[in-house]
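Asks: Structure in structure tokens, see below.
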Amino acid sequence: MPDILRSIFSVDFVYSALRLTTPVLFAALGSLVADRAGVINIGLEGIMLFSALTGVLGSAYSGSLLVGMLCGLVTGMFIALIMAYFSLQMKADIVLTGVAMNLVATGGTVFILYSICGDKSVSTSLSSLVFPTLEIPLIKDIPVLGDILSGHNLLTYLSLVAVVAVWFFLEKSKPGLRIRAVGENDHAAGSVGIHVRRVRYGALLLSGALASFGGMFLSMGMLTYFSKNMTAGRGYIALAAQALGNGSAVGTFFASLVFGCAEALSVSLQGVGLPPQFVQMVPYVATVLGLVLYAALRKRSKKTVRKHKRRKRGSQ
């Protein structure tokens, strides 16, 4: 037990937690943008998986990291566009559309990988490129803090920048104001001239773009190859992180960090002799507990609001 505690309360653990937060954070921010527009992007898992594959294929066959990134980004936005078309244009259920995309991605990525390079589960035959790691000047020389914050992958730093960018976009920009207006009351937004469908199209596209970076981090940052079903439920975990974030970019970041810590804990427990099945379920148990806590807090908040309304009526 002391060995477990020593590994948890260590610089390496915090560094690992921040690194493992990256894919969940990107997808959770994407979920946040879509949610504020009044739509649920259940297809985050499929978007991440397709982007992870096309990023590897694009960089391997072009020899350019930029081309690989663009391939993953365009793929994520294209999948989001398909979801937007079926749900907003054809009036299909957005949840069922997202689940369908996730199922298509599970088998479709393996089929594409095998069709192009003959690999069935891992892109071992491809020499794909990866995003670089960065050493932050001055900070890297600070004891403890430098070991935690410096030396991360480029996409990890980009995810932190994305938190600020998404907050500013939703809270301070005109397009963000329209997204929030559509999400809060689409009929009222439409009555003042806001094109509700167009705003939701844009929100889903931006959601797909953010989630695609999470997928590319898995195959071009955390690992150096694509493997079958490598997202491992992170798209669904991101939905939970966004819900726990209570509709804010900063809250979404801290909720994602909690799940990153849970995954880092599962990695730390691998060398303790516990059954591997128990170790692997730690992030998902954390997700369930987080959703239970979220439901309890919402229920308590609703009760408080009802009591306040009753007291207000009584005083009148």
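Asks: Considering only segment 210-265, state which residues are of a type in the set (Phe, Trp, Tyr) and under 15 Å from the mean Cα position of the chain (by Cα).
Replies: The initial filter retains those residues of segment 210-265 that are of a type in the set (Phe, Trp, Tyr), namely 213, 217, 225-226, 236, 253-254, 259.
If the condition is that a residue be of a type in the set (Phe, Trp, Tyr) and under 15 Å from the mean Cα position of the chain (by Cα), then Phe213, Phe217, Tyr236, Phe253, Phe254, Phe259 are the ones that fit.
Asks: Shifting gears a bit: Would you check which residues across segment 59-93 are assigned to a helix (DSSP H, G or I), more than 18 Å from the chain's Cα centre (by Cα) and under 24 Å from Ile40 (Cα atoms) and list them?
Replies: Ile82, Ala84, Tyr85, Phe86, Ser87, Leu88, Gln89
Yes/no per residue for (1) buried (at least 18 other Cβ atoms within 10 Å of the Cβ); (2) within 18 Å of the chain's Cα centre (by Cα); (3) among the basic types (Lys, Arg):
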{"residue": "Phe50", "(1), (2), (3)": "yes, yes, no"}
{"residue": "Thr54", "(1), (2), (3)": "yes, yes, no"}
{"residue": "Val95", "(1), (2), (3)": "no, yes, no"}
{"residue": "Asn102", "(1), (2), (3)": "yes, yes, no"}
{"residue": "Gly107", "(1), (2), (3)": "no, no, no"}
{"residue": "Val110", "(1), (2), (3)": "yes, no, no"}
{"residue": "Ser123", "(1), (2), (3)": "yes, no, no"}
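Asks: Collect the residues in segment 112-150 that are at positive phi and without any contact (Cβ under 8 Å) to a residue 24 or more places away in the chain, keeping them in residue-number order. Lay out the reasoning, then the answer.
Replies: Narrowing segment 112-150 to residues at positive phi: 118, 138, 144.
Residues satisfying the conditions are Gly118, Leu138.
For every residue, the table says whether it meets (1) out of contact with any helix residue (DSSP H, G or I) (no Cβ under 6 Å at 6 or more places or on another chain); (2) charged (D, E, K, R); (3) within 30 Å of Val56 (Cα to Cα); (4) surrounded by 14 or more Cβ atoms within 10 Å (Cβ to Cβ).
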residue	(1), (2), (3), (4)
Ile142	yes, no, no, no
Leu158	yes, no, yes, yes
Pro175	yes, no, no, no
Gly183	no, no, no, yes
Asp186	no, yes, no, yes
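Any read-out appearing in this document is the output of simple, stated calculations on the displayed coordinates, not a laboratory observation. The structure presented is a predicted model; accordingly, all values stated were derived computationally and were not measured. Please note: Cβ atoms are built from the backbone with ideal geometry, for glycine as well, and neighbour counts cover all protein chains shown.
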